[in-house]
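These notes concern the structure reproduced below.
The values are calculated or read from the model by the stated rules, or taken from the named source; none is laboratory data. Because the structure is predicted, anything quoted here is derived from the model rather than measured. Every residue, glycine as well, gets a Cβ built from its backbone with ideal geometry; the counts of neighbours run over all protein chains shown.
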């Protein structure tokens, strides 16, 4: 997949003059990380450094803004050169940005990673950061180094040290087994959080990805539960037998907004993440659902059919000042507010197709990102530049795709099985 | 269905075991045709007498059309005659809906059916509702399922 993406970037670059929408791609050099260690320790650290280098390159290649040069072991440099790189060499290679760094083994068995990002043209340092990680945890250090480089170039948070939760699906039709799964965004550390005996839906990660709110049919009807990612401990969101669904954590993790049925009426409620008495936020007859918080937690965007068709609305997080955001034809649903506050991603159903789109938080600048016809459930990456979503194909298989808001082709996410309802966490530290 | 099979299997085992034991009085042979008993018999009778266990809705609508109301009237009559029976009304959303919209729509359809049955005099205690959203095949409908 990375290869084909690399090719598509190259093709885009070739077609650049014809396209006004062409995003600027920054070429990044990532020569192999070095080490101050000597002897056999030095060899070991260099080995880890080389693996980390390749991971950083893979991370940066997965973005639409950065294009890393293929790493080459011949570009080895000494430890003092980490902070004094030969800029002329990288300028000649066409790189605008340079990432250097080192791996140092510590007496306690852990590793120190140093990571430095430079503007090659100006010969100036853009950012530096050190990380201490467990010996087997070099991947996280590499991801954080990738994040440092991405942020230095784009100003947006990197999405490399993040998690993705989704519903893993196996089997077909009535026999379909659904399990809540979670993995690091690079595909590593894939785990199932539920065993598959009950239908489960819509996992929603807490801000630091330590908990997942989801819907389960364990009681026979859809109800929201919270599961702790590390311990696997579960509890119901409410001590009630009402149908509850569409849970979403507030950005500080303290509250959960969700839908609850009261008679034929689906309304939005809010409750403390650790329990309490739910407060009702909407009262319109009909379907109000899919709440999503603004990044400062003060507002909630949601879907309502109070006007006759489903449209997006925004309200204060206490339910006051409800106003309509979208006025297009067809139906709007499953909104998700971007982490930088600028955009709201949504599903729009129109002319027989479901597509993913975005609209500015003030209701202007609506644009469609995908062609459908079976797309739904967009969820933002921490960078606010990509969304993941579910695509149902002609054979009714659910797959997870990722698309960038600059309008590049959606790419399929590599996961072990079919998947639905993806949810992408914020940066974990 | 599964329960009925289990019963039949148990019955087969018991008779076989008894036949092998000498000195025990032989029972009458089991009936040749499996006879539906308990909830399965009630389900079959319910569907036969009320015409259908399922009512259908228009796309993105929870309004009960005339044919649906006729079916529900027959269901209500049967339920009034069987006050010991408890049913679960399962609503389904539309496949074209988004996940949560389908859940809400399924719940709304199930609730419309429940309200109509209550309107026709069926005690609310006999009626539970749930929604399958778009998780099960057979969009745009609500099914009345006998639970016990």
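Worth pointing out:
- Every pair of residues 6+ apart whose Cβ atoms lie under 8 Å, when the first sits in region A:182-196 and is assigned to a loop (DSSP other than H, G, I, E, B) while the second is loosely packed, with under 13 Cβ neighbours inside 10 Å: A:187/A:414; A:190/A:416; A:193/A:232
- Screening A:41, A:74 for residues that are farther than 16 Å from residue A:116 by Cβ, in contact with a strand residue (DSSP E or B) (Cβ under 7 Å, 6 or more places away or on another chain) and surrounded by fewer than 17 Cβ atoms within 10 Å (Cβ to Cβ) leaves exactly one candidate, A:41.
- Neighbours by Cβ (under 6 Å, 6+ apart or cross-chain): first from region A:258-283, within 14 Å of another protein chain (Cβ to nearest Cβ) and over 17 Å from residue A:222 (Cα atoms); second at pLDDT 95 or above and part of a strand (DSSP E or B): A:282/A:267; A:282/A:268; A:282/A:288
- Residues satisfying the stated conditions in region A:203-234, i.e. within 19 Å of residue A:177 (Cβ to Cβ) and under 19 Å from the mean Cα position of the chain (by Cα): A:203, A:212, A:214
- Where strands (runs of 3 or more DSSP E) sit wholly within region A:202-281, none has at least 3 residues that are modelled with pLDDT under 95 and in contact with a strand residue (DSSP E or B) (Cβ under 7 Å, 6 or more places away or on another chain).
- Members of region A:388-426 that are touching a helix residue (DSSP H, G or I) at 6+ places or on another chain (Cβ under 9 Å) and either closer than 21 Å to residue A:64 by Cβ or away from chain B (no Cβ under 14 Å) (or both): A:390, A:408, A:409, A:411
- Pairs linking a residue in region B:43-60 that is without any contact (Cβ under 8 Å) to a residue 24 or more places away in the chain to a residue that is in a loop (DSSP other than H, G, I, E, B), with Cβ atoms under 6 Å and 6 or more positions apart or on different chains, are B:44/B:36; B:47/B:53.
- Selected residue (only one of B:117, B:80, B:103, B:127 is surrounded by fewer than 19 Cβ atoms within 10 Å (Cβ to Cβ) and modelled with pLDDT of 95 or more): B:80
- Taking the criterion of being within 22 Å of residue B:123 (Cα to Cα), away from every other protein chain (no Cβ under 14 Å) and part of a loop (DSSP other than H, G, I, E, B), the residues of region B:52-78 that qualify are B:52, B:53.
- Considering region A:77-122, and only residues there that are free of Cβ contacts under 8 Å to residues at least 24 places away in the same chain and under 24 Å from residue A:136 (Cα atoms), the residue that is surrounded by the most Cβ atoms within 10 Å (Cβ to Cβ) turns out to be A:112.
- Selected residue [within 14 Å of another protein chain (Cβ to nearest Cβ) and surrounded by 18 or more Cβ atoms within 10 Å (Cβ to Cβ)] from A:194, A:202: A:202
- The strands (runs of 3 or more DSSP E) found entirely in region A:305-364 that carry 1 or more residues being under 18 Å from residue A:266 (Cβ atoms) and modelled with pLDDT of 95 or more are A:311-316, A:331-337, A:343-350.
- Of all residues in region A:284-303, those satisfying the criterion of being out of contact with any helix residue (DSSP H, G or I) (no Cβ under 6 Å at 6 or more places or on another chain), buried (at least 22 other Cβ atoms within 10 Å of the Cβ) and within 13 Å of chain B (Cβ to nearest Cβ) are A:288, A:291, A:292, A:302, A:303.
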